[in-house]
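The values are calculated or read from the model by the stated rules, or taken from the named source; none is laboratory data. What you are looking at is a predicted structure, and each value in this text was computed from that prediction instead of being measured. So basically every Cβ, Gly included, is an ideal-geometry build from the backbone, and we count neighbours across all protein chains shown. We work out accessible area using only protein heavy atoms, side chains counted, and drop any ligands, DNA or RNA first. Shrake-Rupley method; radii C 1.70, N 1.55, O 1.52, S 1.80 Å.
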Amino acid sequence: MGSFLYTTLMLIALISSSAICFAFPGFSFGWGVGGSSGGGEGSFGGSGDEPFGGGQGYPGLFPEFYSLSCPQANDIVMSVLESAIAKDPRMAASLLRLHFHDCFVQGCDASVLLDDSAMFASEKNSGPNSNSIRGFEVIDEIKSKLEEACPETVSCADILALAARGSTVLSGGPNWELPLGRRDAMQASLNGANNNLPPPNSTIQNLITLFRRQGLDEVDLVSLSG
């Protein structure tokens with residue numbers, strides 16, 4: 001099961017967003033497969049034309065994205081995670097789930113973190129998320145410490161991805177090379193969250209259908225849902 005979990009997490013890590021970046025204003029990266037519409041079949045991956053790390057193309061994403069601008073980023077993330085998980089061991093699973101619920105809607109763009117505004121309703125209010133997803137305070141603490149060390153550098157989308165990987169590692173799960181450079185969403189999609197995330201009363205067939213939309217199979221479903 002460990003190898004299947006590894007594959008699933010790698011698929012999540014490689015989703016990209018087409019939203020404009022808050023963390024890197026003015027940058028115009030070529031972006032990977034997927035987009036901000038979410039819900040499309042195969043949005044967890046796909047094939048790009050440009051090389052990435054010597055393998056499949058994910059333009060703009062690479063593990064060394066912060067090697068010059070914020071080389072201590074992962075150390076800061078891990079430090080906060082170690083403290084948070086020591087206080088609440090369930091937090092590790094909650095942070096992985098938070099990343100999963102972010103990625104299923106518009107790609108891994110941190111839209112799940114956005115609160116209600118005059119322009120959109122928060123994904124936090126959706127049926128699958130309301131009174132369910134947690135870990136926001138840990139993400140806030142990571143973001144605060146990263147802003148102190150490297151102002152306006154590390155995106156919230158990458159923080160969620162790093163937190164998901166770090167939580168898995170600290171729980172005794174696998175480590176993996178994580179491509180970075182995701183951009184943060186400027187808007188959330190309440191409809192997307194309601195339509196693409198598994199509701200609490202999902203049947204097994206509904207779960208399978210929702211996961212297949214993302215290019216994931218039944219083994220991935222078990223790995224992420226428990």
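So, in region 196-213, exactly how many residues are out of contact with any Asp or Glu (no Cβ under 8 Å at 6 or more places or on another chain) and either open to solvent by less than 70 Å² (accessible area, probe 1.4 Å) or in a helix (DSSP H, G or I) (or both)?
Narrowing region 196-213 to residues out of contact with any Asp or Glu (no Cβ under 8 Å at 6 or more places or on another chain): 196-207, 209-210.
Applying the additional criterion that residues be either open to solvent by less than 70 Å² (accessible area, probe 1.4 Å) or in a helix (DSSP H, G or I) (or both) yields 196-199, 202, 204-207, 209-210.
Qualifying residue count for the region: 11.
Going through region 174-195 one residue at a time, which ones are open to solvent by 50 Å² or more (accessible area, probe 1.4 Å), in a loop (DSSP other than H, G, I, E, B) and of a type outside the set (D, E, K, R)?
Scanning region 174-195 gives Asn175, Met186, Gln187.
Scan region 172-226 for residues that are among the acidic types (Asp, Glu), over 17 Å from Gln106 (Cα atoms) and modelled with pLDDT of 90 or more and jot them down.
Glu177, Asp217, Glu218
Scan region 51-74 and report the pairs whose first residue is over 21 Å from Glu152 (Cβ atoms) and at pLDDT below 95 and whose second residue is of a type in the set (A, V, I, L, M, F, W, C) and outside any loop (DSSP other than H, G, I, E, B), with Cβ atoms within less than 8 Å and a gap of 6+ or a chain change.
Phe52/Phe62; Gly53/Phe62; Tyr58/Phe52; Pro59/Phe52
For a quick check of your reading of the model, give me the residue pairs whose first member lies in region 154-173 and is closer than 17 Å to Leu113 by Cβ and open to solvent by 10 Å² or more (accessible area, probe 1.4 Å), whose second is of a type in the set (A, V, I, L, M, F, W, C) and assigned to a helix (DSSP H, G or I), with beta-carbon atoms closer than 6 Å and at least 6 apart or on different chains.
Cys156/Leu113
Looking only at residues that are aliphatic (A, V, I, L, M) and part of a helix (DSSP H, G or I) in region 214-226, which one is nearest to Phe100 (Cα to Cα)?
Here the residue is Leu224.
Considering only region 143-150, I want to know if a residue exists there that is in a helix (DSSP H, G or I), of a type in the set (Lys, Arg) and closer than 25 Å to Val77 by Cα.
Scanning region 143-150, I find at least one residue that is in a helix (DSSP H, G or I), of a type in the set (Lys, Arg) and closer than 25 Å to Val77 by Cα, so the answer is yes.
Output the residues belonging to region 102-119 that are acidic (Asp, Glu), surrounded by fewer than 24 Cβ atoms within 10 Å (Cβ to Cβ) and part of a helix (DSSP H, G or I).
Pass one, region 102-119, residues acidic (Asp, Glu): 102, 109, 115-116.
Of the ones still in play, those that are also surrounded by fewer than 24 Cβ atoms within 10 Å (Cβ to Cβ) are 115-116.
Across region 102-119, there are no qualifying residues.
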